[in-house]
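Asks: Before anything else, here's the structure in question.
Every read-out reported here was derived from the displayed coordinates using simple, explicitly stated rules and does not represent laboratory data. Values in this document were obtained by computation on a predicted structure and should not be read as measured data. Positions of Cβ are generated from backbone atoms using ideal geometry, with glycine treated the same way; all protein chains shown enter the neighbour counts.
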Amino acid sequence: MAGRVPEDLAVVVDDAGTITEWSAGARQLLGYEAEEVVGHPAAELLAAELPETARRHVAEGRRWATEVALRHRSGGRIVVRLKAIPLVDGEDARPWLVTAAPEHMAGPVEPDAQALWDLTLAQLPVPVAVYDTEARLVAANEVMTRVMGRSVAEMRGLTLREIEPTPPFDEYDRLQRQVLRTGEPLFHENFGQAPGEVRGHAWSMFLSPLKDGSGAVRGLSAAVFDTTEQYWARRHLSILNDASLRIGSTLDVARTAEELAEVAVTGFADFVTVDLLESVALGEEPEPVPPDRPVTVRRTAQRSVLDGCPESVVPTGERTFYPVDTPPMRALIAGRGTRPGPLDPGMREWVESSPARAETVAKYMIHSVLMVPLRARGVTLGLVHFLRHRTAESFSQDDLLLAEEIVARAAVSVDNARRYTHERRTALTLQRSLLPERPPDLAAMEVAYRYLPAGSGADVGGDWFDVIPLSGARVALVVGDVVGHGIHASATMGRLRTAVRTLADVDLAPDELLTQLDDLVVRLDREEGPDTRDRGAEAPTPGEVGATCLYAVYDPVSRRCTMARAGHPPPAVVTPAGEVRFLKLPTGPPLGLGGLPFESVEVELEEGSLLALYTDGLVEAADRDIEVGLNLLRGALADRAGPLEETCDDVLRAVLPARPADDIVLMLARTSALDAAKVRTWHLRRDPAAVARARKSASEQVTAWGLDEASFATELIVSELVTNAVRYGDDPVVLRLIRDHALICEVSDGSSTAPHLRRARVFDEGGRGLLLVAQMAERWGSRQTATGKTIWAELGLPDD
C-alpha cells in the first residue's frame, strides 16, 4: 500500500548500511521501536531492491530521491518517496540522512535549452522530453527526470538506449529514429517499470517531430501519459469476460472453485484460496454462519503465480477454521468483501495466530489482501482470499469491486453445482436402495452384475435389474430401463421393480408378466401425465412414462430358459466352447404403449452357458453405432471361462463408451443343471389308492437323501397335495421332489383351477388340507403351466 510519510521522518544510516539514528516519525511509519532497528542493517527494512538509479547514486556518494518499498513491522509492504543526502563526519566516513522527499524534487532545467523547451509545452504535468536529430536528449521536464531517476545533466547528449540499455528502452530508441526519419508522429503503449520507480505503470507515449518554418525536422518531442488506471480498467473487463467464459463449465463444486482461482491469478492476484463451508463442500445445504463460535471450512481450491502454491499453509482438501472475531469471520458474517490493511484491528492478530501463516506472510512479503464471501441466493457458501506479493500495487477499491463481481458470478455456479450434486446424490441413493445389494445364493446359476450411473454431465437414469428365486429351483432374471433421468425416473424404476417381483411371485410366464407390466405403465402414465382438462388442443399427449424390459426364467432341471422382451436389447449367450450369439427374440413394443402383444421364446442352454443381459447404455453412444457396440460386446464375451466378477470388469473395460451418457447395467449369469440324483418324479393315477403309494415313495426318497427329520412333514404335505389333485384335478397327475437349498414338493395336474386357502368350520369334512400345508412348509404356492397347474411347497433342510 502507499504510505503517508510523517514530516518528522529522519533516519541516519552509516557508511556500512547500519541504522544509527531512528526518529519518532520513522517509528510512526513502520511500527518499529528505536531499539529494534538501531544497530541493524537498513536493508532488512526493504521490501524490494532500491531502484537502479538510487543504487548507482549510493555507490557514487550522490544524493538521490525516489520511491522505496519498505517492510512494515506487521509484515505489510509500504511504498513511500524518500530522499537521501550524504553527510561527511570527522573521520571521512559517509553516513546518509534519509528523510521524506517532496513530490516536486527533480533535476533543474538547463537555461540554454529554453528555446527548444518552449516548443514542447514545458508546463504540462506529464513527463516530457526533447531530442535532437540524432535522438539524443536535449531537455526534459521535472516529471520526466523523476520517472527516469536521473537529472537532465546525467541524461543530456545520450540516446534512450545509452541512458537505459534494457528493454523496452531499446524499442523506444528505434521508434524515435523512425519518427525522425519519416517526419510522422507515432503513438505507442506499454506497461513496465521505469528506472526511477518501484511499481509498474502503463504509459501512452506520443512521439511528435519538431519542424521549423521550412518543414525540416529539427528534433522530436516525447510526451508520456500515465494510463495505469485505464490499463487496469481494461484488464478488469478482460478478467470479467474470462470469468464469464471459464467459471462454471462443469457441475462439479471442486472444479468450479478451481476455475475461480485460475481466473483470479491471471493478471489480478498472486495467490488465491477458495474455502467452502464444510456442509457446502460435502454437497449438503449450507448452514448459517454462527457469530459466537468458530466456523469450519474446507480448502477447496488454491492457485498461485508460483509453482506449487508455496504460500499455502492449508493443503487443498484439508479442513481449517476461522476463529471468532477475526477478519475472515467478520467478512463471512457481514456478507461483504473487505480490504483489510496490515494495521487494521484484528489483522495482525489473525496473521500471528498461526506461526505458519506469519512465516509465509513475512517470507513472501504478502502486502495486500481481499476477503470476499461466496454468496448465492442470499446464502453464504464460503470465503475467497485474494493476496498480492509479487505485484507491487496494493489492491484498490476498484479491485475489491472486481473481486466481488468475479466471486458473485462464481458463487452462482458453485451453488448450482452443489444443488446438482445434492440432487444427483439423492437420486443415486434412492436408486441404489431400490436395487439388489448382493446376488442371492442360488444353486441353479452363478450371477454377477455391475451398475454404473451416468457421469456428472447427466442425471441418474432409471436402469434396474433383479435376480428373483422362483419355485422349483427356478430363477428369474430381469433387466429394465425407464425413460428419463432424475429422481422421478428412479421412483418409477422402484415401482416397476416391485411390480415385477410381485408378478414373479404369482409365477406368470414371461409374456404374461410383460403384459401385466405394460398395463401398469399405462396406468402410471395416465395418473402422472399432465391434466388435459381445460387445455384444448395444446395439451401434451401421454407417453411421458415408458420403459423397456427383458424377463427370463431359467429352469435348472430341464435347462430351458423362457424369455420375452419389451423394446429391450437382445441377450447374448456364450456357449461352454466360447461361441457368442445374440438370441433372436421377438422385439415386442416398449412398456407403456398398451394393447400390443408380447411373445415368449424358450431355448435350451448347455450346462455352463453364460447369459449376458444389459441395458442400451452399454452398447449405444453418441460417437458410435449400436452395431459397433454389439460387436465389441461379442468380442469381449468370447472365451470368457474365468470368474464372473473379473469377466464383468473386463467386459466394461472393452465395451464401455468413452463418455457414457446413460446409466449402464451388465448382468452375467452362468447356468448349471441340477444333478439328476437330486430330482425324483412319479406319474400317478387319479385313484385314491395312489395317495398312499405317493406318500410311501416320497418318504423312502427323503430317507435315501438322508433327510429323515423331514420325513413326517414330507409325507403330510405329499398326502394333502396328491389328495387334492386326485379329487379336484385332471390327468396327468405328477409328483416331483427336488433337493436344492430346500426340499421342494410339487404336485401337478391337468386342471387350471387354482387352489385357495380357507379356514374350515367345525363340522366341515374338508378344507383343512392347504391350511396344514401352509403351517408345515416354509413357503407354498401354485403356478399355471401349459397343461394345467402345479402346487408346490418348500421345507427347510434339517441342517438349516
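Asks: Test of the criteria: in the stretch 1-61, which trypsin sites (Lys or Arg not before Pro) are in a DSSP loop and have at most 15 other Cβ atoms within 10 angstrom of their Cβ?
Replies: Listed in order of number, the matching sites are R4.
Asks: Once the piece of chain linking L245 and T575 is laid out straight, how much longer is it, given 0.36 nm per residue of separation minus the C-alpha distance between them?
Replies: 113.4 nm
Asks: Considering every pair of different Cα atoms, what Kirkwood radius, in Å, is found for the chain?
Replies: This gives a value of 35.0 Å.
Asks: Got a sec? Charge dipole of the stretch 570-650, +1 on Cβ for Lys and Arg, -1 for Asp and Glu; which of A636, P597, G608 is way out at the positive end?
Replies: P597
Asks: Just to be sure I understand the curve: with the Debye formula and one point per C-alpha of the stretch 10-100, what is log10 I(q)/I(0) at q = 0.21, 0.25, 0.26 Å⁻¹?
Replies: Taken in order of the listed q values, log10 I(q)/I(0) reads -1.08, -1.51, -1.61.
Asks: Continuing with this model, one more query. So if R0 is 56 Å, what FRET efficiency would T18 and E318 give, r being the distance between their Cβ atoms, rounded to the nearest 0.05?
Replies: Efficiency computed from Cβ-Cβ geometry: 0.80.
Asks: Using 7 Å Cα-to-Cβ label points, what is the D344/E52 separation (nm, one decimal)?
Replies: 3.7 nm
Asks: With contacts defined as alpha carbon pairs under 8 Å and 6 or more residues apart, what's the relative contact order of the chain in percent?
Replies: 7 percent
Asks: Thinking of the stretch 231-424 as a set of Cα atoms, what percent of all their pairs are more than 20 Å apart?
Replies: 51 percent
Asks: Based on DSSP H assignment, which helices of the chain show an axial Cα extent of at least 24 Å together with a mean Kyte-Doolittle hydropathy greater than or equal to 0.5?
Replies: Membrane-span-like by this criterion, though nothing is claimed about a membrane: 711-728.
Asks: If you place +1 on the Cβ of every Lys and Arg and -1 on the Cβ of every Asp and Glu, how big does the dipole about the Cα centre of the chain come out, in debye to the nearest 20?
Replies: 1140 debye
Asks: Next question, about the same structure. What is the calculated FRET efficiency for A774 to T498, with r their C-beta to C-beta distance and R₀ = 30 Å, to the nearest 0.05?
Replies: 0.80
Asks: Filter the trypsin sites (Lys or Arg not before Pro) in the stretch 375-425 to those in DSSP coil with at most 14 other Cβ atoms within 10 Å of their Cβ, and list the result.
Replies: For trypsin sites (Lys or Arg not before Pro) across the stretch 375-425 that sit outside H, G, I, E and B with at most 14 neighbouring Cβ atoms in 10 Å, the list reads R377, R390.
Asks: As a footprinting exposure proxy, order F206, F395 by other Cβ within 10 Å, with the fewest listed first.
Replies: By the 10 Å Cβ count, ascending: F206, F395.
Asks: List the lysines whose alpha-carbon lies under 24 Å from that of K678, not counting same-chain residues fewer than 8 positions away?
Replies: Qualifying lysines at Cα under 24 Å: K696, K789.
Asks: Given 0.36 nm per residue, what is the gain on full extension from V38 to E287 after removing their alpha carbon distance, in nm?
Replies: 84.5 nm
Asks: Here's a follow-up. Given R₀ = 41 Å, FRET efficiency for L186-R94 by Cβ-Cβ distance, to 0.05?
Replies: About 0.40, to the nearest 0.05.
Asks: Stokes-Einstein at 25 °C, 0.890 mPa s, Kirkwood radius from Cα pairs: D for the stretch 266-367 in µm² s⁻¹?
Replies: Answer from the Stokes-Einstein relation: 167 µm²/s.
Asks: Along the charge dipole of the chain, which of A676, P168, A281 sits closest to the positive end, that is, farthest toward it, with unit charges on the beta carbon of Lys, Arg, Asp and Glu (+1, +1, -1, -1)?
Replies: A676
Asks: Next up: Mind listing the phi-derived Karplus ³J(HN,Hα) values for the stretch 276-285, rounded to whole Hz, using 6.51, -1.76 and 1.60 with θ = phi - 60°, and x for any glycine or proline?
Replies: 9, 4, 4, 5, 5, 4, 8, x, 9, 5
Asks: Please work out how much length the chain gains when fully extended from F712 to E359, using 0.36 nm per residue of separation minus the C-alpha to C-alpha distance, in nm with one decimal.
Replies: Fully extending the segment from F712 to E359 adds 118.6 nm.
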